[in-house]
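The structure appears right after this line, and notes come after that.
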Amino acid sequence: MIKINVAVDNKYWQNKIHNPKKYLSKKIKKTSNIFEFLKKKNYIFTILLTNSLNIKKLNKQFRKINKPTDVLSFPSFSKKSYFKTNKQKNIYLGDIAICYEIIKKRSKKKDFIAEFDKVWVHGFLHLMGYDHIKNKDYIKMHKVEKRILNLI
């Protein structure tokens, strides 16, 4: 089972997603169909819905990049194999921070919720051990991302 904690530190999020925790909880449950192992233990992660100023501070502090970004992921571990070898019953996956202004700006071309889903799924996959540094890894991650977005 997978659980999500949601922290909202920007009031504008509430205008777009009335109950972010409920919304994300429904969506994240569906990912268990793709990641079968998620059904066997209790997995927990946190999403911070924030603004460009706060995400810029986080980006500077943790990545040494002094500008806002759409999403930051802070996995609790670095390898996908961790899920199969870990004996703990409760596993904290990590944290994700998402920037309202960037999602809003991008969503002018499409739906805000669709853009939000794309971004949180991307961040979630980083918590699951995926990355896109090499092209072959990007292809794998993008394939799983599309699969989840089609499912939710």
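Things worth noting here:
Rundown of residues vs (1) under 12 Å from the mean Cα position of the chain (by Cα); (2) part of a helix (DSSP H, G or I); (3) among the aromatic types (Phe, Trp, Tyr), yes/no style:
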position	(1), (2), (3)
108	no, no, no
113	no, yes, no
118	yes, yes, no
121	yes, yes, no
125	yes, yes, no
131	no, no, no
138	no, yes, yes
143	no, yes, no
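- Test result for residue 54, of a type outside the set (Lys, Arg) and free of Cβ contacts under 8 Å to residues at least 60 places away in the same chain: yes
- Options 87, 57; residue that is open to solvent by 40 Å² or more (accessible area, probe 1.4 Å) and over 22 Å from residue 9 (Cα atoms): 87
- Filter result (of a type in the set (A, V, I, L, M, F, W, C) and part of a helix (DSSP H, G or I)) within the stretch 4-36: 13, 24, 28
- Residues within the stretch 37-46 that are part of a helix (DSSP H, G or I), open to solvent by 30 Å² or more (accessible area, probe 1.4 Å) and not aromatic (Phe, Trp, Tyr), tallied: 1
- Single condition residue 98 does not satisfy, out of (1) in a strand (DSSP E or B); (2) over 20 Å from residue 142 (Cα atoms): (2)
The values are calculated or read from the model by the stated rules, or taken from the named source; none is laboratory data. This one's a predicted model, so the numbers in the text were calculated from it and none came from an experiment. Positions of Cβ are generated from backbone atoms using ideal geometry, with glycine treated the same way; all protein chains shown enter the neighbour counts. The protein model used for the area step is the full one, side chains on, heavy atoms only, and it has no ligands, DNA or RNA in it. Shrake-Rupley method; radii C 1.70, N 1.55, O 1.52, S 1.80 Å.
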